[in-house]
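The values are calculated or read from the model by the stated rules, or taken from the named source; none is laboratory data. Owing to the predicted nature of the structure, the values given are computational and were not obtained by experimental measurement. We place every Cβ from the backbone using ideal geometry, glycine too, and count neighbours over all the protein chains shown.
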Amino acid sequence: MHPPVRHLLTLTIVLLLLPKALNTVAQSPPPQGLSGVWTDGDSSKTLLTNHVLGAAAPLPNGGVIAAGGLAPGLQGAAAVALAEIYDPVDAKWKVVTPMSIGRWSLDAIAMKNNKVLFAGGASAFSESAVLDSAELFDSASMLFIPVENKMSAARHSYGISMLTDGRVLLTGGSTKGNSLNGSGTTSTDLYDPEINRFSPAAPLRDGRALHAQVTLKDGRVVVIGGAQRNAEIYDPASNRWTTFPGLLPTTLKDMKAFETFDHRIFVAGGQNTQDGLTTDDTWFLDIESGQFTPGPTMQGFNYSPDGSQKGSSDYSAFDLFPSDHKFSGRYFFFAGGENDPPTGADVELNSSCLFDVANNKFVDLGPMPFIHDDHTEAMTGLNGKGHPEVLLFGGNSSSGTSRFEFLTESISSPVTSE
């Protein structure tokens, strides 16, 4: 593992993207191309643990709640229950009351009732440590509250997304607390925030873990990969899963998927579960035909202090704009993660890039102030200037906090129409 790499505290990256003149804004002329600003989000070093494979989610006030994870080098030991909140104004972390139990390889999701669901995970890096319980962080009381019942299966490394009615769907996941190979259960659960309870949903057709999951704007849910090459789609109205006919060229885990503005699914990078290699390939999944087609390569956009790397997995990724924003589904942000070469140690990344959907190309936005792999991340949402902000922190090799602000005025206008 490499030591943390520190760059200038504030780094503005301006990259030429299109030979078009950009509209001006009231404050100043926009930059010449898609751009953003990386900063050291915690120069006071107030983060207490690296939250390795912990979980985080945004809070209503623009902050971030982070909890759980493994401390570096403690594989085999107990997970941490420590919880910390990031204040974007002070750019500092502060400790709050911890979870009831330590959890790692869990996920968290912010709900419409201003509570955050932290579900499952494992209490240690050991086979029998996987958990079937969950708890809520209440931003009003600043306390964790237990969910009243258990999930239908203990699970970590599962898929999670919110349905359009506010319920949360959790799919698959590993039932062994020391397995990260993409194999998992077919079990699924629905969490209803109105009654604070889980209920079983229809099982997946194939067991999977470390897969990608996305809720579509039409309310259906798509899961892709894991130890599988295929994808499935869930209809909440009929409580039924259907397998798409198309297949990825390899099994794929530790990647993300997004719905584009023109209603395709975009999948980037990931790790082949058969040979362990990461890829630079991307794919589009056509929802109507259920077929995969190749997208543009990420080659050259994944790099470490040692140079360009081939492929990435376990990265952070976000659609930078919320579903009701005019730019939703147009700009997907990728940062950090790792490259897994054929031989030798994994290489941890400090790169970041943006996929411009309308123009079908990647744009370099890095490097980050710190390396981040097996880290934790969250979006803080749109700031007062209407700029999306993203937070990456901790991980195997860094206790730093990298904060990114995307400059919305750098988007060419008009955007390519639908």
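A few remarks follow.
- Residues of segment 137-159 satisfying the condition of being buried (at least 21 other Cβ atoms within 10 Å of the Cβ), under 18 Å from G184 (Cβ atoms) and in contact with a strand residue (DSSP E or B) (Cβ under 6 Å, 6 or more places away or on another chain): M151, A154, H156, S157, Y158, G159
- A Cβ distance below 7 Å, combined with a sequence gap of six or more or placement on separate chains, defines the contacts here; from segment 294-308, residues that are within 12 Å of T279 (Cα to Cα) reach residues that are part of a strand (DSSP E or B) and of a type in the set (A, V, I, L, M) in the pairs M298/A268.
- Filter pass, F355 being surrounded by 24 or more Cβ atoms within 10 Å (Cβ to Cβ) and more than 17 Å from the chain's Cα centre (by Cα): no
- Scanning segment 223-239 for residues that are under 13 Å from D206 (Cα atoms) and in a loop (DSSP other than H, G, I, E, B) yields a count of 5.
- Answer residue from segment 364-387, given it is out of contact with any helix residue (DSSP H, G or I) (no Cβ under 9 Å at 6 or more places or on another chain) and among the aliphatic types (A, V, I, L, M) and is nearest to H325 (Cα to Cα) among those: M379
- Filtered residues of segment 296-330 (kept if out of contact with any Phe, Trp or Tyr (no Cβ under 7 Å at 6 or more places or on another chain) and not polar (S, T, N, Q)): G300, Y303, P305, D306, G307, K310, G311, D314, P322, D324, H325, K326
- Across segment 100-136, the number of residues qualifying as closer than 20 Å to T49 by Cα, over 20 Å from the mean Cα position of the chain (by Cα) and touching a residue at least 40 places away in the same chain (Cβ under 8 Å) comes to 4.
- Single condition N178 does not satisfy, out of (1) at pLDDT below 95; (2) under 24 Å from D340 (Cα atoms); (3) polar (S, T, N, Q); (4) in contact with a Gly (Cβ under 7 Å, 6 or more places away or on another chain): (4)
- Hits in segment 260-277 (condition: under 27 Å from D218 (Cα atoms) and in a loop (DSSP other than H, G, I, E, B)): T260, F261, D262, H263, G269, G270
- Every residue from segment 201-257 that is among the hydroxyl-bearing types (S, T, Y) and in contact with a Lys or Arg (Cβ under 7 Å, 6 or more places away or on another chain): Y234, T243, T250, T251
- In segment 22-35, the residue that is modelled with the highest pLDDT out of those that are closer than 26 Å to D364 by Cα and of a type in the set (A, V, I, L, M, F, W, C) is L34.
- Meets criteria (surrounded by 22 or more Cβ atoms within 10 Å (Cβ to Cβ), in contact with a helix residue (DSSP H, G or I) (Cβ under 6 Å, 6 or more places away or on another chain) and over 24 Å from K217 (Cβ atoms)) for A134: no
- Enumeration of residues in segment 74-98 that are out of contact with any Asp or Glu (no Cβ under 6 Å at 6 or more places or on another chain) and in a strand (DSSP E or B): A78, A83, E84, I85, Y86, D87, K92, K94, V96
- Considering (1) small (G, A, S); (2) buried (at least 21 other Cβ atoms within 10 Å of the Cβ); (3) at pLDDT 95 or above, the lone condition that G219 does not fulfil carries the number (2).
- T408 meets the stated requirement of being at pLDDT 95 or above, farther than 25 Å from G300 by Cβ and not basic (K, R).
- Selected residue (criterion: farthest from G344 (Cα to Cα)) from residues of segment 228-276 that are surrounded by 21 or more Cβ atoms within 10 Å (Cβ to Cβ) and small (G, A, S): A231
- Segment 235-261 - residue that is polar (S, T, N, Q) and in contact with a strand residue (DSSP E or B) (Cβ under 9 Å, 6 or more places away or on another chain) and, of those, nearest to I160 (Cα to Cα): N239
- When segment 278-294 is filtered for residues that are part of a loop (DSSP other than H, G, I, E, B) and touching a Phe, Trp or Tyr at 6+ places or on another chain (Cβ under 9 Å), the ones remaining, listed by number, are D280, I287, S289, G290, Q291.
Yes or no, residue by residue, for (1) out of contact with any strand residue (DSSP E or B) (no Cβ under 6 Å at 6 or more places or on another chain); (2) basic (K, R); (3) at pLDDT below 95:
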residue	(1), (2), (3)
P3	yes, no, yes
L15	no, no, yes
V37	no, no, no
T46	no, no, no
G54	no, no, no
A57	no, no, no
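- Residues of segment 137-175 that are of a type outside the set (D, E, K, R), out of contact with any Leu (no Cβ under 6 Å at 6 or more places or on another chain), in contact (Cβ under 8 Å) with a residue 12 or more places away in the chain and more than 25 Å from R205 (Cβ to Cβ): F137, A140, M142, L143, F144, P146, V147, N149, G166.
- Subset tally (residues that are surrounded by fewer than 19 Cβ atoms within 10 Å (Cβ to Cβ), part of a loop (DSSP other than H, G, I, E, B) and of a type in the set (S, T, N, Q)) for segment 295-347: 5
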